[in-house]
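This report concerns only the one structure given below.
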Amino acid sequence: MKLITTTSDLAAACDALAQNDFVALDTEFMRETTFWPQLCLIQAAGGETEVLIDPLSEEIDLEPLFELLRDTSVVKVFHACRQDLEIFFHKGGELIPNPLFDTQIAAMAVGLGDSISYDNLVGELLGRAIDKGSRFTDWSRRPLSEKQLTYALADVTHLRDLYPKLQARLKTSNREHWVGEEMKTLTNPDTYRMDPEQAWKRLKLRKTTKKWLAALRAAAAWREREAQTRDIPRNRIIKDDGLYELAHAAPTELDQLTGLRAVPKGFERSKPAERLIEALNAALDNADSYAPKVSKSGPPPSNLGPVVELLKVFLRVVAEDEGVAPRLIATVPDLEAIAADDEADVGALKGWRRTVFGQRALELKRGEIALVLENGKVEAIELED
């Protein structure tokens, strides 16, 4: 089994792959000790062409592959592809493969589960069992074993065979547009841009005072910049609890760091500490404008409880009729928001979800449809004026 290690061989392989309507792709990467994923292997299959690409080879430039990923005449097929796309986005200069097809999302749309694993999907549609023995091996070590290469190639050849079957099911159920709408998030560059100033959004907000929020945002942005620059995981810089401690203490001098439990001994004498204090001072000096604008949300009003419960029943009815998991259509927070506001900015009131559930949920609220028990089954019926 040949592993492509040169640019010329890669270019020839990509030329062959580009002759197909679609190409299945997968990657093997590691990121346990780094911030950015370390790309270790790329697998691709289209038609009769099946290739393994070594991105760690000193004799390879991945540009021929990037050209293939940019080729809009070829559909790029992945499974649960967000991390794969993150890699290509950063390696290829904000490259996003297009057009894109995610088999996990497609499986969700045809009623095979809201987050079905690759193993189960292959078993369900292809009747094949996957050997998981090489899944957690060290993909950065060279040479790769024959067992590793066989496992990696099988992953992508299964994927190649899954695509037509899922496409046929989507067409039969008239849900191709469901997948198309879900792809919009995956193909949005903002999904993969890691702006340090937005890192606070990954954290749970424990307070909403301007000073606390400003300090938390500054500390989170500092950690993100340090992690990206030094290419180490965020928690190797400081853990989330440490960010909360910094936000609470809001230190403005280096010596104020010495009493914090989350800060290692001697940290106050380091360059990262200087950068942290500089960031905190700048944030606290402009707390009113720098603090994130967040709404103080709480539980829905108690009088909405019965409406939420009614919407939950209706959601289960719709999900059963559509043959999909309820949480694929709407979440409990979605239902609470809809109960409180007909114009709520939630997924259940957008796109295909609005068509399938959201619009009818609003009609239920207005008393235009009702839930009735027919032969032991709950059904929705339209009410006459």
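Can you give the FRET efficiency to the nearest 0.05 for residue 325 and residue 63, using r as the Cβ-Cβ distance and R₀ = 41 Å?
Efficiency for this residue pair is about 0.50.
Once you put a point 7 Å from the Cα of residue 150 and another 7 Å from the Cα of residue 31, both along the Cβ direction, what distance in nm separates them?
Simple spin-label model gives 3.1 nm for this pair.
Using label points projected 7 Å from each Cα along Cα→Cβ, tell me how many nm separate residue 235 and residue 313, to one decimal.
That separation, rounded to one decimal, is 4.4 nm.
Tally Lys and Arg at +1 and Asp and Glu at -1 over the other residues with C-beta under 13 Å from the C-beta of residue 124: what net charge comes out?
Local net charge: +1.
Using only DSSP helix segments of four residues or longer, with each worth -39500 (n - 2.57), what per-residue ellipticity at 222 nm results for the chain after dividing by its residue count and rounding to 500?
Computed mean residue ellipticity for the chain: -14000 deg cm²/dmol.
Cut-off under 28 Å on the C-alpha distance; same-chain residues fewer than 8 positions from residue 293 excluded. Which lysines are left, in chain and number order?
184, 201, 204, 207, 210, 211, 239, 350
Can you give the FRET efficiency for residue 136 and residue 285, using 1/(1 + (r/R0)^6), R0 = 35 Å, r = Cβ-Cβ distance, to the nearest 0.05?
Working: r = 48 Å, r/R0 = 1.36.
That pair, residue 136 with residue 285, gives E of 0.15.
With only alpha-carbon pairs counted, each pair once and no self-pairs, how large is the Kirkwood hydrodynamic radius of segment 304-382 in angstroms?
On the way: mean 1/r = 0.0809 Å⁻¹.
Result for segment 304-382 stands at 12.4 Å.
Which log10 I(q)/I(0) values, to two decimals, does segment 247-385 give at q = 0.12, 0.13 Å⁻¹ under the Debye formula with one point per Cα?
Rounded to two decimals, the profile gives -0.63, -0.67.
Give the cross-link partners of residue 271 among the aspartates and glutamates, using a straight C-alpha distance below 18 Å as the criterion and excluding same-chain residues fewer than 8 apart.
Of all the aspartates and glutamates, those that pass the test against residue 271 - Cα under 18 Å, at least 8 places apart if same chain - are 224, 226, 231, 253, 255.
Which entry is the computed Cα Rg over 2.2 N^0.38 Å for this structure: (1) 1.00; (2) 1.10; (3) 1.19?
For Cα Rg over 2.2 N^0.38 Å, the calculated option is (3).
Straight distance only, please: which lysines reach the Cα of residue 132 with their own Cα at less than 18 Å, same-chain residues fewer than 8 apart left out?
147
Determine the percent antiparallel among the DSSP beta bridges restricted to the chain, to the nearest 5.
Taking every DSSP beta bridge within the chain, about 70 percent pair in antiparallel fashion.
Read the figures in this text as sums done on the coordinates, not as results from a lab. Everything numeric here is computed off the predicted structure, so don't read it as measured data. For neighbour counting, all protein chains shown are included, and Cβ atoms are generated from backbone atoms with ideal geometry for every residue, glycine included.
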